[in-house]
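Worksheet for the structure shown next.
The values are calculated or read from the model by the stated rules, or taken from the named source; none is laboratory data. Computed from a predicted structure; not experimentally measured. To get the accessible areas, we keep the full protein, side chains included, count just its heavy atoms, and leave off ligands, DNA and RNA. Shrake-Rupley method; radii C 1.70, N 1.55, O 1.52, S 1.80 Å.
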Amino acid sequence: MAVYEKIFAAISAAVLVLLLIAVGYAAIGLGINLPSHREVIPVKPGQNLASAVLETPPFNTPGLRQIAKNKYEAVVIASAWSFLPSEFDLPAGAEVTFRVTSADVTHGFFIPGTRVNTMVIPGQISVITYRFDKPGTYLLICHEYCGLLHHTMAGKVVVK
Ligand code: CUA
């Protein structure tokens, strides 16, 4: 093995190790994880997912509610081809935690111009928090192909 080969092999190995350490530190040290699969919808034997979703709190009462000053929780059910609810009215500066699940197939939950961007996987709960500082109307779209009317699956966030 030529000396350059050894140097390049050592650099490649070092880069891999550094990246693994960085990913490990982000996931464990900083607690940065994908916004899904931390909680699941319990499905009883013989029960279908859609009825399990409708029975499981907080998805038995979907909607937007205030939980503290300037803090809101939005509980959303995605199903072909709509979000329930699909419109959210908020004051500027509101911090919203979206808890989203799907009652059928994989959907997306994406608000362009914000960090809100997650898959919504059947039976799993995606949780993502964002503060809407700028007033305006934000589009909410499904960005995972979910069937015939995927392109119509949308909603909005109105910040005043
Ligand atoms: Cu739901 Cu695409």
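Worth pointing out:
- Mean ellipticity per residue at 222 nm, deg cm²/dmol - from DSSP H runs of n ≥ 4 across the chain, formula -39500 (n - 2.57): -6000 deg cm²/dmol
- Alpha-carbon geometry of the chain: the Rg and the Dmax are 20.2, 67 Å, given in that order.
- Asp89 accessible area, 1.4 Å probe, all protein chains in place, Å² to nearest 10: 90
- Relative to the dominant Cα principal axis of the chain, helix 3-24 is inclined by about 30°.
- For the range 96-101, the Karplus equation 6.51 cos²θ - 1.76 cosθ + 1.60, evaluated at θ = phi - 60°, returns couplings of 10, 9, 8, 10, 10, 9 Hz by residue, with Gly and Pro reported as x.
- Taking amide H as placed 1.01 Å from N in the peptide plane, Ala94 has its amide H under 5 Å from the amide H of Phe132, each at least 5 places away in sequence or on another chain.
- Gain in span if fully extended, Leu18 to Lys69, counting 0.36 nm per residue against the direct Cα distance: 14.2 nm
- Note on the range 29-122: along the principal axes its Cα atoms extend 44, 32, 25 Å, ordered by decreasing extent.
- DSSP finds beta bridges in the range 8-126, and of those with both partners inside it, around 65 percent are antiparallel.
- If you take the Cα centroid of the range 95-160 and the Cα centroid of the range 35-70, the two points sit 15 Å apart.
- Reachable aspartates and glutamates, given that their alpha-carbon falls under 14 Å from the alpha-carbon of Lys156 and they are not under 8 places away in the same chain: Glu87, Asp89
- Note on the range 1-64: Rg/Rh from C-alpha atoms, Kirkwood Rh, equals 1.42.
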